[in-house]
Ligand SMILES: Nc1ncnc2c1ncn2[C@@H]1O[C@H](COP(=O)(O)OP(=O)(O)OP(=O)(O)O)[C@@H](O)[C@H]1O
């Protein structure tokens, strides 16, 4: 084969692979319905979550945002009255199939909540908690994990000299980054964030937003936010939920500049919610 032609074909193949990789979905949700007892909270959700991108979930209070992301790691099943149907595939496997290993899913999906929730332990012990429970005992390895995770969570420089101090001595913003470090220490593929900055001041919020931008190089991120500017600033895709349904799911720039649905437009321009 002519080398130039061969190289060209090769580069076309690798370009195609790159595009496929870039658009690969980590989750595919199809016809997903969920009830709490008699009350239906999610209706026919069809949505894919792209890999290594930030997906923002927006919508008024009670529209099902938290329920949706808690379905993605099956945490929602902890509520005894929950019933569901439809499918949610993670990396091509149906997470609700009886033989699916929920422990594996939980290891692959870290979660960060609205209010920072460190354990009443030292900064170091918070970060190594997950790896320890996964059986890692060697001090050197645990120390390496702690340093790496705290660096990735952009907290290392602020805490490296006080790792043995109680985590409650950190500011709210630092505690939230510690919770992110704790989640990174288990090496997840996905990070689910439920309004992670709503309890934080603007400076801490800015730090978390910057962190999210950096983390998406290695992780797929789903973030619930009530802050439209935040969704517009940090996400690649945005889904607008209303009354348990996905009204619109599109590239963030498109959704905010040219919403297709009148309800999306009304919500993002502050007419309700
Ligand atoms: N544990 C539960 N038991 C019964 N109903 C619930 C439970 N959790 C949520 N719901 C109901 O499901 C619906 C969706 O709630 P969800 O918390 O998912 O909404 P949300 O969009 O995240 O709201 P917010 O923005 O206020 O956090 C609501 O009607 C809520 O009352």
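Each reported figure results from applying straightforward, stated rules to the coordinates on display, with no laboratory input. These numbers were taken from a predicted model, which means no experiment stands behind them. Cβ atoms come from the backbone with ideal geometry, glycine included; neighbour counts cover every protein chain shown.
Pulled fully out, how much extra length does the chain show between residue 99 and residue 143, if you take 0.36 nm times their separation in residues and subtract their Cα-Cα distance?
Gain on stretching residue 99 to residue 143: 12.3 nm.
Is the shape of segment 171-217 rounded, prolate or oblate, going by the alpha carbon gyration tensor and its root eigenvalues a ≥ b ≥ c, with a/c under 1.5 for rounded and a/b larger than b/c for prolate?
Prolate is the answer for segment 171-217, as a/c is 1.5 or above and a/b outweighs b/c.
So for the chain: antiparallel DSSP bridges make up what percent, rounded to the nearest 5?
Working: 25 of 42 bridges.
Percent antiparallel among DSSP bridges in the chain is about 60.
Set the Förster distance to 41 Å, then compute FRET efficiency between residue 245 and residue 171 from the Cβ-Cβ distance, nearest 0.05.
Efficiency, from the Cβ-Cβ distance: 0.60.
Would you work out the relative contact order for segment 24-268, in percent, from Cα pairs under 8 angstrom that are 6 or more residues apart?
28
Output the peptides 170-182, 87-99 sorted from most to least packed, where packing is the average of other Cβ atoms within 10 Å over each peptide's residues. Walk me through the numbers before you get to the answer.
Numbers: 170-182: 23.0, 87-99: 14.4.
Ranking the peptides 170-182, 87-99 by packing returns 170-182, 87-99.
Just to be sure I understand: if I project the alpha-carbon convex hull of segment 44-197 onto a plane and average over all orientations, what area do I get in nm²?
10.5
Assign one of three labels to the chain, namely rounded, prolate or oblate, based on the Cα gyration tensor with a ≥ b ≥ c the square roots of its eigenvalues; rounded applies when a/c is under 1.5, prolate when it is not and a/b is larger than b/c, and oblate otherwise.
rounded
Sort 193-201, 114-122, 158-166, 248-256 by the packing proxy (mean of other Cβ within 10 Å over each peptide's residues), most packed first.
Most protected by this proxy first, the peptides run 193-201, 248-256, 114-122, 158-166.
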